1. Restricting the search to the range B:58-108, which residues are at pLDDT 95 or above and of a type in the set (D, E, K, R)?
2. Looking at the range B:16-57, which of the residues that are of a type in the set (S, T, N, Q) and free of Cβ contacts under 8 Å to residues at least 24 places away in the same chain is nearest to residue A:93 (Cα to Cα)?
3. Restricting to the range B:18-36, name every residue that is at the interface with chain A (Cβ under 9 Å from one of its Cβ atoms) and modelled with pLDDT of 95 or more.
4. Restricting attention to strands (runs of 3 or more DSSP E) lying wholly within the range A:62-116, give those where 3 or more residues are at pLDDT below 95.
5. I'd like to know if the range A:70-92 contains one or more residues that are farther than 22 Å from residue A:9 by Cβ and either within 14 Å of chain B (Cβ to nearest Cβ) or free of Cβ contacts under 8 Å to residues at least 40 places away in the same chain (or both).
6. Test residue B:15 against the stated conditions and say whether it is among the charged types (D, E, K, R), at pLDDT 95 or above, surrounded by fewer than 19 Cβ atoms within 10 Å (Cβ to Cβ) and in a loop (DSSP other than H, G, I, E, B).
Amino acid sequence: AQSVAQPEDQVNVAEGNPLTVKCTYSVSGNPYLFWYVQYPNRGLQFLLKYITGDNLVKGSYGFEAEFNKSQTSFHLKKPSALVSDSALYFCAVREVIASGTYKYIFGTGTRLKVLA
Amino acid sequence: DGGITQSPKYLFRKEGQNVTLSCEQNLNHDAMYWYRQDPGQGLRLIYYSQIVNDFQKGDIAEGYSVSREKKESFPLTVTSAQKNPTAFYLCASSFSGNRNEQYFGPGTRLTVT
């Protein structure tokens, strides 16, 4: 079965500093990986995805993620954190159930707190 | 204004009552999903549907039921058989195909007392 792990429940970073939110995965076959962000009492918003191609994927709001096959990781990064980036971040992987049928497995989430 | 809507935002029910949560999308997405979110547990899949009139159980389907009579709609019923129904419920949709991200609704917070 496919799975993702987010090893940190919370990450604190000072405003203006680079941030990293970690995600590791376990899949059979090619991994299709996603990052989402959730603000309080809201639904999730898509940030970026890795399907194939360049290992560095750029997404919304200045976020990017680095796919590393040898380390089975897909860490979310941003060069300079903003207070408004404070939110809950989820990593997800697609799982094939049958031909044409997919579901998505989510990590437990990492709360990012950017300090002014 | 395209998107995925859930109603109501907050819902209160007495124990033993069934309750139905609404999910509607006008994105022309084929697939729809229901998740439950509890603190510290991330999102857990309840039911999903790839096409109209077909749906599959997710990881925690017991005590829940769904229907998919229209492409745009995927209502979730929380039955009295669900032992711990108080949670934040999220609906999502996506295009078919394995490369597509999900779009999420704003969620419904259900409180059962």
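The values are calculated or read from the model by the stated rules, or taken from the named source; none is laboratory data. The model shown is predicted, which means the values in this text are computed figures rather than measured ones. Because the Cβ atoms are built from the backbone with ideal geometry, glycine has one as well, and the counts that use them run over all protein chains shown.
1. Answer for the range B:58-108, where residues must be at pLDDT 95 or above and of a type in the set (D, E, K, R): B:62, B:68, B:69, B:70, B:71, B:72.
2. Our first condition is that a residue be of a type in the set (S, T, N, Q); within the range B:16-57, this holds for B:17-18, B:20, B:22, B:25-26, B:28, B:37, B:41, B:49-50, B:53, B:56.
Applying the additional criterion that residues be free of Cβ contacts under 8 Å to residues at least 24 places away in the same chain yields B:41, B:53, B:56.
Details: B:41: 16, B:53: 26, B:56: 18 Å.
Among residues in the range B:16-57 that are of a type in the set (S, T, N, Q) and free of Cβ contacts under 8 Å to residues at least 24 places away in the same chain, the one nearest to residue A:93 (Cα to Cα) is B:41.
3. Here is the first cut: in the range B:18-36, the residues at the interface with chain A (Cβ under 9 Å from one of its Cβ atoms) are B:31, B:33, B:35.
Selection gives B:33, B:35.
4. Values: elements: A:64-68, A:73-78, A:87-98, A:101-106, A:110-115.
Correct list: A:87-98, A:101-106.
5. Narrowing the range A:70-92 to residues farther than 22 Å from residue A:9 by Cβ: A:70, A:79-80.
Cutting the leftovers down to either within 14 Å of chain B (Cβ to nearest Cβ) or free of Cβ contacts under 8 Å to residues at least 40 places away in the same chain (or both) gives us A:70.
Yes: one or more hits.
6. Numbers: among the charged types (D, E, K, R): yes; at pLDDT 95 or above: no; surrounded by fewer than 19 Cβ atoms within 10 Å (Cβ to Cβ): yes; in a loop (DSSP other than H, G, I, E, B): yes.
Judged against the criteria, residue B:15 is not a match.
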